[in-house]
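A short write-up of the structure that comes next.
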Amino acid sequence: MTTTSFNTPLLAGDELLKLIPQRPPIVMVDWFFGMDDAGSYTGLKVEASNLFCQDGQLDECGITEHIAQSAAVRVGYIYKNAGEKIPVGFIGSVNKMNYYALPQVGNELQTTIRVEQEIFDITLISATVQVNGNTVAEGQLKIFLKKDA
């Protein structure tokens, strides 16, 4: 595993797009900072052109989609490094989500994904989304992976 911080992205742009199925204009992750024993780390700069931006703010759906794609980047990175085909993931449930503030255009989200439990192809993750060191959202997603047989 890579020890990381939110200072220097490990992947961005086209390299990051190799890890997720989404394509513009629905891509909700700009940077992958790596992973360590505590979790994986991603970032997103909130742009006015973002589909989930309204009145200069990223809405709750956008934050949740960012979390889901952050989890997808983690899985994609693991599978790519193992030389395996990257599976597609589906959100099974969203639990215990709390939105404390809506990020403004120009803010950079810093998101930490932690695996709480993995059973077969189902993963329960917890996420913390911060802007400038302040938590703007946190919660859990259950993700199902569809692996080709």
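The values are calculated or read from the model by the stated rules, or taken from the named source; none is laboratory data. Computed from a prediction, not measured in an experiment: that's the story for all the values here. A quick note on method: Cβ atoms are made from the backbone with ideal geometry, for glycine too, and the neighbour counts reach across all protein chains shown. All accessible areas refer to the heavy atoms of the entire protein, side chains included, with ligands and DNA or RNA removed. Shrake-Rupley method; radii C 1.70, N 1.55, O 1.52, S 1.80 Å.
Restricting to region 20-64, name every residue that is aliphatic (A, V, I, L, M) and outside any strand (DSSP E or B).
I20, I26, V27, M28, V29, A38, V46, A48, L51, I63
From the residues in region 35-75 that are under 19 Å from A12 (Cβ atoms) and polar (S, T, N, Q), which one is surrounded by the most Cβ atoms within 10 Å (Cβ to Cβ)?
Restricting to residues being under 19 Å from A12 (Cβ atoms) and polar (S, T, N, Q), the top hit is T42.
Quick check on region 101-114: of everything there that is open to solvent by less than 60 Å² (accessible area, probe 1.4 Å) and among the aliphatic types (A, V, I, L, M), which residue is farthest from L58 (Cα to Cα)?
I113
Only one of K85, K80 is assigned to a loop (DSSP other than H, G, I, E, B), touching a Lys or Arg at 6+ places or on another chain (Cβ under 9 Å) and open to solvent by 40 Å² or more (accessible area, probe 1.4 Å); which?
Answer to the selection: K85.
Could you give me the residue pairs with C-beta distances under 7 Å whose first residue belongs to region 112-126 and is closer than 20 Å to D148 by Cβ, whose second residue is in a strand (DSSP E or B) and of a type in the set (A, V, I, L, M) wherever it lies, and which are 6+ apart or on separate chains?
Listed by first residue and then by second, the contacts come to D121/L145; T123/V115; T123/I143.
Report, by residue number, each residue of region 115-142 that is open to solvent by 50 Å² or more (accessible area, probe 1.4 Å), in a strand (DSSP E or B) and farther than 20 Å from M35 by Cα.
I119, N134
Being in contact (Cβ under 8 Å) with a residue 12 or more places away in the chain and within 20 Å of P87 (Cβ to Cβ) narrows it down to one of V46, V29, so name that one.
It is V29.
Being assigned to a strand (DSSP E or B), more than 13 Å from the chain's Cα centre (by Cα) and in contact (Cβ under 8 Å) with a residue 24 or more places away in the chain narrows it down to one residue among L145, L102; which is it?
Testing whether each residue is assigned to a strand (DSSP E or B), more than 13 Å from the chain's Cα centre (by Cα) and in contact (Cβ under 8 Å) with a residue 24 or more places away in the chain leaves just L145.
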